[in-house]
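Here it is, the structure, as structure tokens.
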Amino acid sequence: MAKAPLYVRIERELRTRLARARPGDVVPAESVLAQEFGVARMTVRAALNELESDGLIERIQGRGTFVRQRPEPRAAGTLMSFQDQVRSWGRTPASRLVEAEVRAASAEEAAALQLTAAVPQVVSIVRVRLADQVPLAVEYACFPSHLSSLLDLDLEAGSLHRALHERGLRPTLGSSRLTAQRAGADGELLHVPADEPLLVETRLIVDQHSAPLEYTVSRYVGERYDLHVTFDVQPPLTGETR
């Protein structure tokens, strides 16, 4: 098996060090790292570029490079708007619109949203969600077609959940399923390789009347986003075992 490029090996070593560092710690200068690893500064710079693109370090002109504050994990049993969540980290949220249209629903979407029309349709909104211009996720959101007015919103600067509230619809309860998948075609949108593992959250949210309101698949870069899960521990089953 061919060895990974030198800058990738340096990047991996630095990731290990960053995991033990504290936010605000100084990252050694390129010249210092180049001497330590016995490589050209350009090679070190390539490794640091990758770490910066993942939001792990921050370069400040005239001051140096610093370990960045990692996002606080989101409790898996709680969902807040993406904008509010990113602002709670002290970072700036943004969205990049990929697609917004009314289209035919897939079988899974129609079942989740309990669509009964002969040819069910959904409002489909696909966005890349960013924090300080670092892409965290690709979000595939679907709504019942009677909410087509959502397409008139500023989908890059606005909040869909806020818009739903303004329409008298309150996202109230939800359920989600967590899986892992390769980035595939989304890798280009997220600036990661196609074989990068992503955390995939598939969720259904209902409104205050318990009617299905939103069916969304969010594909997160694992290095850039954390979920915190609490659980009950069940006692072992009693009786005969096989």
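The values are calculated or read from the model by the stated rules, or taken from the named source; none is laboratory data. Note that the structure is a prediction, hence the values are computed from the model and not measured. All Cβ positions, even for glycine, are placed from backbone atoms using ideal geometry, and neighbour counts span all protein chains on display.
Hey, could you check the stretch 59-78 for residues that are over 20 Å from Ala137 (Cα atoms) and part of a strand (DSSP E or B) and say which is modelled with the highest pLDDT?
So the residue we want is Thr65.
Residue-by-condition table, conditions (1) touching a strand residue (DSSP E or B) at 6+ places or on another chain (Cβ under 9 Å); (2) within 15 Å of Ile57 (Cβ to Cβ); (3) not in a helix (DSSP H, G or I):
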site	(1), (2), (3)
Arg12	no, yes, no
Leu18	yes, yes, no
Pro23	yes, yes, yes
Ala34	no, no, no
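Looking at Thr179, Thr216 in this structure, which one is over 22 Å from Ser81 (Cβ atoms) and either in contact with a helix residue (DSSP H, G or I) (Cβ under 9 Å, 6 or more places away or on another chain) or modelled with pLDDT of 90 or more (or both)?
Within the list Thr179, Thr216, the selection yields Thr179.
Another question about this same structure. Looking at Ala141 and the list (1) farther than 17 Å from Arg219 by Cα; (2) at pLDDT 95 or above, which single condition is not satisfied?
That leaves (1) as the condition not met.
Now for a separate question. Take the conditions in contact with a Ser or Thr (Cβ under 6 Å, 6 or more places away or on another chain), surrounded by 12 or more Cβ atoms within 10 Å (Cβ to Cβ), among the β-branched types (Val, Ile, Thr) and at negative phi and apply them to Val27. Does it pass?
In short, yes.
To continue, here is another question. Only one residue in Arg87, Arg91, Arg96 is at pLDDT 75 or above, in the same structural domain as Arg127 (by TED's automatic domain parsing) and more than 28 Å from Tyr7 (Cβ to Cβ). Which one?
Matching residue, one of Arg87, Arg91, Arg96: Arg87.
On the basis of being in contact with a helix residue (DSSP H, G or I) (Cβ under 6 Å, 6 or more places away or on another chain), touching a residue at least 60 places away in the same chain (Cβ under 8 Å) and of a type in the set (Ser, Thr, Tyr), does Ser159 make the cut?
yes
Of the residues Asp207, Asp195, which single one is charged (D, E, K, R), in contact with a Leu (Cβ under 6 Å, 6 or more places away or on another chain) and not assigned by TED's automatic domain parsing to the domain that holds Arg15?
Asp207
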